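Since the structure comes first, as structure tokens, the remarks are kept for the end.
The values are calculated or read from the model by the stated rules, or taken from the named source; none is laboratory data. Please read all numbers here as calculations on a predicted model, not as lab measurements. A quick note on method: Cβ atoms are made from the backbone with ideal geometry, for glycine too, and the neighbour counts reach across all protein chains shown.
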């Protein structure tokens, strides 16, 4: 039984960036097999990952994010204690996985954990979220939320009232780094392959949250380049919109009793204030990036 396995899904990614993510995982003493699932048109990346503990899977077509990760997940459900779903633009120190492993061992009721996520300059990425409403996704994609009413909506959605300072049970944890208990996946199922790109992490996190805790663990920190591609590429924008429609068709648009209850429970972990200004999204001396 392997302690931790991982999967990376790539699609014409910069090889150096992917290698940095792969090395971050492989450098940990607890790490087992890393699966590189290549959705690219050609398998030119194969030569860069021909070494022990790495399994290169060339899909031959763009399967989508969740379906590609499922290729790896289906292989490890009964052979690994934990599995890391990892974005190719993430990097971290080896201690991160050791800390997460210990944390999950101490919290058997947790099915998923995510560390604190920082930009390369050390600024916080607010990736702990409530379950989205149609208004949340519409305002984030099409309306400015720099100030006023829409800013308040977005800050509530990103749980900024929590200050991202302690362990908390979060209904939606980002898919850029999902530290998953494989026993939980055996119960809740893998990624819903109807989502080609975007919303698959929302859906999986929500399903796990129904049966297990999905915990934010701020003592461990990772770095995520986070290009926000859907704001720059029309095709990615289309995928984003299509996945949002599929998500709300599945869970409910404006009538979703489970969403209301889950979000209320998440907010009740913290005393609410009149404003959500307490989180300063700036680098601090304790949040310096690792050497690149």
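Return the only residue of 205, 219 being in contact with a strand residue (DSSP E or B) (Cβ under 9 Å, 6 or more places away or on another chain), exposed (fewer than 13 other Cβ atoms within 10 Å of the Cβ) and at pLDDT 85 or above.
Numbers: 205 fails: exposed (fewer than 13 other Cβ atoms within 10 Å of the Cβ).
Step by step, each of 205, 219 is checked, and only 219 is in contact with a strand residue (DSSP E or B) (Cβ under 9 Å, 6 or more places away or on another chain), exposed (fewer than 13 other Cβ atoms within 10 Å of the Cβ) and at pLDDT 85 or above.
Is it true that residue 164 is in a loop (DSSP other than H, G, I, E, B), touching a residue at least 24 places away in the same chain (Cβ under 8 Å), crowded, with 17+ Cβ neighbours inside 10 Å and out of contact with any helix residue (DSSP H, G or I) (no Cβ under 8 Å at 6 or more places or on another chain)?
In short, yes.
If we keep just the residues of the stretch 236-264 that are more than 21 Å from the chain's Cα centre (by Cα) and in a helix (DSSP H, G or I), which is modelled with the lowest pLDDT?
Among residues in the stretch 236-264 that are more than 21 Å from the chain's Cα centre (by Cα) and in a helix (DSSP H, G or I), the one modelled with the lowest pLDDT is 257.
Taking the criterion of being outside any helix (DSSP H, G or I), touching a residue at least 24 places away in the same chain (Cβ under 8 Å), within 18 Å of the chain's Cα centre (by Cα) and closer than 21 Å to residue 138 by Cα, would at least one residue in the stretch 180-187 satisfy it?
Taking every residue of the stretch 180-187 in turn, none turns out to be outside any helix (DSSP H, G or I), touching a residue at least 24 places away in the same chain (Cβ under 8 Å), within 18 Å of the chain's Cα centre (by Cα) and closer than 21 Å to residue 138 by Cα.
What residue, of 71, 77, 63, is in contact (Cβ under 8 Å) with a residue 24 or more places away in the chain, under 18 Å from the mean Cα position of the chain (by Cα) and either surrounded by 15 or more Cβ atoms within 10 Å (Cβ to Cβ) or closer than 28 Å to residue 250 by Cβ (or both)?
71
Check whether at least one residue in the stretch 30-37 is under 20 Å from residue 89 (Cβ atoms), loosely packed, with under 15 Cβ neighbours inside 10 Å and free of Cβ contacts under 8 Å to residues at least 40 places away in the same chain, and report yes or no. So that I can check it myself, show each step before the final result.
Filtering the stretch 30-37 down to residues under 20 Å from residue 89 (Cβ atoms) leaves 31, 34-37.
Imposing the further condition that a residue be loosely packed, with under 15 Cβ neighbours inside 10 Å reduces the set to none.
Looking through the stretch 30-37, none of the residues is under 20 Å from residue 89 (Cβ atoms), loosely packed, with under 15 Cβ neighbours inside 10 Å and free of Cβ contacts under 8 Å to residues at least 40 places away in the same chain.
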